[in-house]
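Participant: Encoded as structure tokens, here's the structure I'll be asking about.
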Amino acid sequence: MHIISRQVTFEDSINFHIASSLECLIFRTKMAKGLLPPRGLEPANSVSCSSKSLHREARSEGLRQLESCFSMFASQISKNIMKLQSLLAAVAFLIPLLSIFPHVVADLDSDRQALLEFANSVPHIRKLNWNLALHICYSWAGVTCNKDGTRVIAIHLPAVGLFGPIPANSIGKLDALKVLSLRANYLNGSLPSDLLSIPSLQSVYLQHNNFSGDIPVSLSPRLGVLDLSFNSFTGKIPTTIKSLSRLSVLNLQFNSLTGEIPSLDTLKLNLLNLSYNMLNGSVPNSLQKFPLSSFVGNSRLCGTPLISCSLNSPSPSPAADSLSPPERPKTVTSKKLSTGTIIAIAVVASSLIFLLVLVISFCCLKKKVSDNTSTIKEKVALANGGRSEKTEDFGSGVPDAEKNKLVFFEGCAYSFNLEDLLRASAEVLGKGSYGTAYKAVLDEATIVVVKRLREVGAAKKEFEQHMEIVGRVGRHPNIVPLRAYYYSKDEKLLVTEYMPAGSLSAALHGNRGIGRTPLDWDTRLKISLGAAKGIAHIHTEGGVKFTHGNIKSSNVLLTRDQDGCISDFGLTPLMNYIPFKYRCAGYRAPEVIETRKGTQKSDVYSFGVLLLEMLTAKSPIPLSGHDEVVDLPRWVRSVVREEWTAEVFDVELLKYQNIEEEMVQMLQIGLACVAKVPDMRPSMGQVVRMIEEIRQPQGETRPSSEDSRSKDSNAHP
Ligand SMILES: Nc1ncnc2c1ncn2[C@@H]1O[C@H](COP(=O)(O)OP(=O)(O)OP(=O)(O)O)[C@@H](O)[C@H]1O
């Protein structure tokens, strides 16, 4: 090695040392692989590397350079004492850093463990690249570290399809965490107590999940933002919030919180939203500056900016009780009553009791039949009383002047008005993502379904224009006919034809016990084809951007002759949000979970899940009375990969003969629809054609499932 002639710096020396070692390492590797000439024939500058003195050589060369470097420093001391001082300061700074280095490594290691614990116990739809081969700070998705890469300070995992509860001792162990964003997932259960109490935590975004239970009382004193909105938290607002002096945003809207609002007068809140809970009492003085929207939807809450407490007369709080003067006890006169008076009182009392019993029995009787006879108005009022609805009295939102402004779609033969509709006997069919559906019986021939929409984002004009398009596009035998709509500030209603045969979901999963009529293969095929035609029509007639947005088996309704009809069409674009609750998740295309935007290709994906559901009779979403929820695309793919295809089919289908080939063809269509890459999925038009091709002309290749069934019953009496 030649002597470096230019002036050598400390940095040069170190670089040289490293370079020497690397050169040697490369040389040695090449030697081992036989890529270099034998010893003695090697080039001059690599001789030293080929012997045992490899490191010694490099080190002594490095040391020589260090020596020259230090002699240069010595001359610099005399020239510039200031420079040396700063160098010493730097060294002084580095030494303690080096001494704590093992702790730094341990902290990052513990952060890594905590995150892996979280990822391993919380299922997620979108794959997380959290593995030991990648650096936690520079490569792990959604993880942010501090500047020197020694601690995790932020987690951002919005809408990645996280399911289930957050385990204790996972994220709660990240004790340098400042920002936690897990919004818009499907997380549920109660929050572990170690989560919000992380001392460094400043911002928490857990909105749009399904968390339940109490809000933990132990909260980080540094919290500036706490957003737990759109969950199912219960219990009281913890009073410990009062001590969060840095809190500026508190959003708890759309939960089921009860009790009174703590005064929070010590806080300097910029944003407060407690709307749509079950809070009671009066709005504390310190919070009366916030708008109505911060408190609306708490029917037992009163005071500015809501209605005055004297008008509302909520159940008086113990505090209010103690303020009102105690009632003076009435003076009791010790007059003796005559026997006649006593008899008269007894007669009156017993007739009163008799009357009371009569009234109670009458009420009970009325209540028993109320499912069939109560009106939509009463149902809503009842539901509001029971807090299952988050909107005030149904009729109250409809001003008298507007009572007749039900807008009928072209070609609709009905002639009732809104008042008739509100007075009709009603039955709750179900509570969906967009609102509650009621079956309303106006008369024997007029039965409709009234869908009371909540959270409509569209203004009146936009709503009307959209309805016009929906009315036009929706005219198809495989789309549930929309009959009318109503729009006012407080109420938005949709009236559709009632489909007495129910939904595909009910036919597949309802009453699986004794007395069930199984859905035969022909019917399943017919329903699938009808539903596919309905969606294909929406896609072609509505234009490229027109989607359904909520394809699932409860939105495929059956006609009397068992054809499939698409319902809930046209609702998604009107809403403030795409329904992302756990109940719809199994049908969502992976890209929709990420972008929150439906496309025609994502409708195709949902339809593919529906086909797999129809073939397997397994539900991709939770259903009451059914424990099993299956990630259908994943499960079917894995079974098919293992060549156990026959295992996926619904056992009820196995008794029909000669349908295996058709079922496998349908399975392939379903799998094509649930392709991960949207562009790989067929269009709905193609899906219709593929399903049509499954069915050969009757009698040519196989007997109908009816025939098979009779054969079957002959075989097994
Ligand atoms: N026109 C109709 N005729 C008969 N049943 C209906 C009709 N519309 C809806 N239903 C049934 O009423 C129930 C509630 O329907 P709704 O559409 O409100 O909720 P969902 O389908 O469960 O969820 P989502 O709101 O996400 O579509 C469902 O079981 C559905 O099948």
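Participant: Residues that are touching a strand residue (DSSP E or B) at 6+ places or on another chain (Cβ under 9 Å) and aromatic (Phe, Trp, Tyr): find the strands (runs of 3 or more DSSP E) completely inside the range 419-502 holding 2 or more of those. Break it down into steps so the answer makes sense when it comes.
Facilitator: Details: elements: 425-431, 435-443, 446-453, 482-487, 492-497.
So the answer is 482-487.
Participant: Of everything in the range 421-434, what is surrounded by 14 or more Cβ atoms within 10 Å (Cβ to Cβ) and farther than 14 Å from TYR485 by Cα? Give them in sequence order.
Facilitator: ARG423, ALA424, SER425, ALA426, GLU427, VAL428, LEU429, LYS431, GLY432, SER433, TYR434
Participant: Kindly establish whether LYS655 is within 18 Å of ASP520 (Cα to Cα), in the same structural domain as GLU613 (by the TED database) and at pLDDT below 90. Full working, then the answer.
Facilitator: Values: within 18 Å of ASP520 (Cα to Cα): yes; in the same structural domain as GLU613 (by the TED database): yes; at pLDDT below 90: yes.
For LYS655, the condition - within 18 Å of ASP520 (Cα to Cα), in the same structural domain as GLU613 (by the TED database) and at pLDDT below 90 - is met.
Participant: Next question, about the same structure. Could you grab me the full set of residues in the range 454-474 that are more than 18 Å from ILE566 (Cα to Cα) and within 16 Å of the ligand (Cβ to nearest atom)?
Facilitator: ARG454, GLU455, VAL456, GLY457
Participant: Sort out which residues of the range 199-223 are β-branched (Val, Ile, Thr), farther than 16 Å from HIS156 by Cα and surrounded by 21 or more Cβ atoms within 10 Å (Cβ to Cβ), and write them in order of number. Walk me through it before giving the result.
Facilitator: Going through the range 199-223, the residues β-branched (Val, Ile, Thr) turn out to be 204, 215, 217.
Cutting the leftovers down to farther than 16 Å from HIS156 by Cα gives us 215, 217.
The one that is β-branched (Val, Ile, Thr), farther than 16 Å from HIS156 by Cα and surrounded by 21 or more Cβ atoms within 10 Å (Cβ to Cβ): ILE215.
Participant: Answer yes or no as to whether PRO573 is of a type outside the set (A, V, I, L, M, F, W, C), at pLDDT below 85, in the same structural domain as ILE669 (by the TED database) and in contact with a His (Cβ under 7 Å, 6 or more places away or on another chain). Break it down into steps so the answer makes sense when it comes.
Facilitator: Working: of a type outside the set (A, V, I, L, M, F, W, C): yes; at pLDDT below 85: yes; in the same structural domain as ILE669 (by the TED database): yes; in contact with a His (Cβ under 7 Å, 6 or more places away or on another chain): yes.
Here the answer is yes, as PRO573 does meet what is asked.
Participant: Let me ask something else about it. Looking at the range 455-467, I want the residues that are within 14 Å of TYR485 (Cα to Cα) and have a partner that is β-branched (Val, Ile, Thr) with Cβ atoms under 8 Å, at least 6 apart or on another chain. Which pairs are those?
Facilitator: That search, which allows pairs on different chains as well, returns PHE463/VAL456; GLU464/VAL407; MET467/VAL407.
Participant: From the set of residues in the range 131-155 that are among the hydroxyl-bearing types (Ser, Thr, Tyr) and in a loop (DSSP other than H, G, I, E, B), which is surrounded by the fewest Cβ atoms within 10 Å (Cβ to Cβ)? Break it down into steps so the answer makes sense when it comes.
Facilitator: Step one: list which residues in the range 131-155 are among the hydroxyl-bearing types (Ser, Thr, Tyr), which gives 138-139, 144, 150.
Remaining after also requiring in a loop (DSSP other than H, G, I, E, B): 138-139, 150.
Details: TYR138: 9, SER139: 12, THR150: 18.
The extreme case among them is TYR138.
Participant: When you look at HIS548, is it at pLDDT 90 or above, over 18 Å from LEU429 (Cα atoms) and within 11 Å of the ligand (Cβ to nearest atom), yes or no? Give the steps one after another, and end with the answer.
Facilitator: Working: at pLDDT 90 or above: yes; over 18 Å from LEU429 (Cα atoms): yes; within 11 Å of the ligand (Cβ to nearest atom): yes.
Here the answer is yes, as HIS548 does meet what is asked.
Participant: What number of residues within the range 510-540 are touching a helix residue (DSSP H, G or I) at 6+ places or on another chain (Cβ under 8 Å) and either at pLDDT below 90 or of a type in the set (A, V, I, L, M, F, W, C) (or both)?
Facilitator: So the count comes out to 11.
Participant: May I pose another question? So which residues in the range 422-438 are within 28 Å of the chain's Cα centre (by Cα) and either more than 15 Å from the ligand (Cβ to nearest atom) or at pLDDT 80 or above (or both), if there are any at all?
Facilitator: Of all residues in the range 422-438, those within 28 Å of the chain's Cα centre (by Cα) come to 428-438.
Of everything in the range 422-438, those that are within 28 Å of the chain's Cα centre (by Cα) and either more than 15 Å from the ligand (Cβ to nearest atom) or at pLDDT 80 or above (or both) turn out to be VAL428, LEU429, GLY430, LYS431, GLY435, THR436, ALA437, TYR438.
Participant: Identify all residues within the range 483-497 that are of a type in the set (S, T, N, Q) and away from the ligand (no atom under 14 Å from the Cβ); write none if there are none. Before you say what the answer is, go through the steps one by one.
Facilitator: Residues of the range 483-497 of a type in the set (S, T, N, Q): 488, 496.
Matches in the range 483-497: SER488 only.
Participant: A further question follows. Could you please give the count of residues in the range 162-182 that are crowded, with 20+ Cβ neighbours inside 10 Å and assigned to a loop (DSSP other than H, G, I, E, B)?
Facilitator: 6
Participant: Here's a follow-up. Among the residues of the range 273-288, write down those that are surrounded by 20 or more Cβ atoms within 10 Å (Cβ to Cβ) and either assigned to a helix (DSSP H, G or I) or free of Cβ contacts under 8 Å to residues at least 12 places away in the same chain (or both).
Facilitator: LEU287
Participant: Now for a different question. Of all residues in the range 514-540, which are farther than 13 Å from CYS565 by Cβ and under 31 Å from the mean Cα position of the chain (by Cα)?
Facilitator: Going through the range 514-540, the residues farther than 13 Å from CYS565 by Cβ turn out to be 514-525, 536, 539-540.
Across the range 514-540, the qualifying residues are ARG524, ALA536, HIS539, THR540.
Participant: Look at ALA501 and say whether it is within 13 Å of the ligand (Cβ to nearest atom), touching a residue at least 12 places away in the same chain (Cβ under 8 Å) and outside the structural domain of SER293 (by the TED database).
Facilitator: Values: within 13 Å of the ligand (Cβ to nearest atom): yes; touching a residue at least 12 places away in the same chain (Cβ under 8 Å): yes; outside the structural domain of SER293 (by the TED database): yes.
Judged against the criteria, ALA501 is a match.
The values are calculated or read from the model by the stated rules, or taken from the named source; none is laboratory data. Every value quoted in this text rests on a predicted model; they were computed, and no experiment measured them. Using ideal geometry, Cβ is built from the backbone for each residue, glycine included, and neighbour counts are taken over all protein chains shown.
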